[in-house]
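In what follows, a single structure is set out as structure tokens and then discussed.
The values are calculated or read from the model by the stated rules, or taken from the named source; none is laboratory data. Fair warning: this is a prediction, and the values are worked out from it, not measured in the lab. Counting neighbours? That spans all protein chains shown, and the Cβs are built from the backbone with ideal geometry, glycine included. Accessible surface areas use protein heavy atoms only, side chains included; no ligands, DNA or RNA. Shrake-Rupley method; radii C 1.70, N 1.55, O 1.52, S 1.80 Å.
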Amino acid sequence: MTELELIIDLHKNSERQGPGSENDTLKALEFLNLPTDQDLKIADIGCGSGGQTITLAENLNGQITAVDLFQEFLNELNEKSQKLGLTEKIVTLKKSMDDLPFNKGEFDLIWSEGAIYNMGFENGLKKWKDFLKVGGYLAVSEITWITQSRPKEIEKFWKSEYPEIDVASNKIKQLENNGYSLVGYFYLSQDSWIYNYYKPMEERFDPFLKRHGNAEIARKVVNDNKTEIELYKKYKDYYSYGFYIARKSE
Ligand SMILES: C[S@@+](CC[C@H](N)C(=O)[O-])C[C@H]1O[C@@H](n2cnc3c(N)ncnc32)[C@H](O)[C@@H]1O
């Protein structure tokens, strides 16, 4: 197995593939002012196994196109939506987020939790804007510094993992410079990282290593995640996922 296949295997069969929670999704939804008397067209990009997709389907009218690059995650979402009787509302699509087959002005809402970084925040918000109606909403979560300065160790780690990491005021400026108006911002609680993402992942480490015969490449995948978790525990007061909710204004 390649390292990428192993990463997918580690993240399979879990509620979420990134920090977040049902409460965070609901909180972000509260900022939207969408028509309630018509069916909405919604895209959930980088949906993973669809923790947030289910919450969106349960709380909005209309149809959600849930996009991910990996079929394994989409299969899990399809199973969940079947169990919950939500197949009419959720359609899955295996596609890369930078090569979407959508039409201009097609969507009322584009949602993306912890995934826009795969194409870069600014690049993503520019490209996806075309698919939104004027007055439609973009709701994305993105790793964000929550203080103006921070220790060198964590600055160096995240700058090398994701050079676009920044403070919220700069991310908001990017939204405004690209034809969006901010309607809401908050950042995720530490519980959304620890209890909903890192702890369940830690519980999967041993079975994962066993499944892969404790191979060196599998140990590397685990160790990389352990490093990220240790750094989070040490520096959790300096960064989080910021949730940005914005309206396409022009
Ligand atoms: C950190 S996970 C977040 C998943 C989910 N939204 C959640 O919060 O649980 C990022 C997701 O982006 C997907 N992804 C990575 N690169 C992608 C791409 N180029 N196009 C579409 N999805 C991609 C991954 O498969 C993964 O499901």
Problem - Rounded to the nearest 20 debye, dipole of segment 146-231 from Cβ charges on Lys, Arg, Asp, Glu - result: 140
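Kindly report the accessible area of the chain per residue (heavy atoms of protein chains, probe 1.4 Å, no ligands, DNA or RNA), in Å². Before the final figure, lay out each step's value.
Details: 12170 Å² over 250 residues.
Accessible area per residue, the chain: 49 Å².
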Fill in the blank from the handout: Probe 1.4 Å, all chains present, heavy atoms only: PHE186 accessible area in Å², nearest 10, is 20
Handout entry: Under the Karplus curve 6.51 cos²θ - 1.76 cosθ + 1.60, θ = phi - 60°, whole-Hz ³J(HN,Hα) for segment 28-35, x wherever Gly or Pro sits
Key = 5, 4, 4, 7, 7, 10, 9, x
Completion exercise
Here the percent of antiparallel bridges among DSSP beta bridges lying wholly in the chain, to the nearest 5, is 40
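Net charge near GLY51: determine it from the other residues with C-beta under 11 Å of the C-beta of GLY51, scoring Lys and Arg +1 and Asp and Glu -1.
On the way: positive: ARG16, LYS80; negative: GLU15, GLU22, ASP24, ASP44, GLU76, GLU113.
Here the charged neighbours net out to -4.
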Handout entry: Calculated diffusion of segment 16-159, Stokes-Einstein form, Kirkwood radius summed over Cα pairs, 25 °C and 0.890 mPa s, µm²/s
Key = 155
Problem - Sulfur and carbon atoms: percent of accessible area, segment 150-250 [1.4 Å] - result: 46
Practice task
Could you pull the Rg and Dmax for segment 195-250, using just the Cα atoms, both in Å?
Solution key: 16.4, 54
Problem - Highest-MSF residue in the chain out of LYS27, LYS133, LYS83 [GNM, Cα springs under 10 Å] - result: LYS83
Problem - Equivalent ellipsoid semi-axes - Cα gyration tensor, segment 86-233, angstrom - result: 31, 22, 14
Exercise for the section: Report the local net charge at ILE154: Lys and Arg +1, Asp and Glu -1, summed over other residues whose C-beta lies under 13 Å from its C-beta. Expected result: +1
Handout entry: Inter-part distance where segment 106-124 and segment 30-59 are each reduced to a Cα centre, Å
Key = 14
Problem - Kirkwood estimate for the chain, i.e. one over the average of 1/r between Cα atoms, Å - result: 18.7
Problem - Candidate lysines for bridging to LYS89, where Cα separation is under 16 Å - those fewer than 8 sequence places away on the same chain excluded - result: LYS41, LYS80
Handout entry: Long-range HN-HN contacts of GLY62 with modeled amide H, under 5 Å
Key = LEU40
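How much mean residue ellipticity at 222 nm does the chain get from its helices, if each DSSP H run of length 4 or more adds -39500 (n - 2.57) and you divide by all residues, to the nearest 500 deg cm²/dmol?
On the way: 10 runs with 105 residues, N = 250.
-12500 deg cm²/dmol, from helical runs alone.
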Fill in the blank from the handout: For segment 1-74, Rg(Cα) over 2.2 N^0.38 Å is 1.26
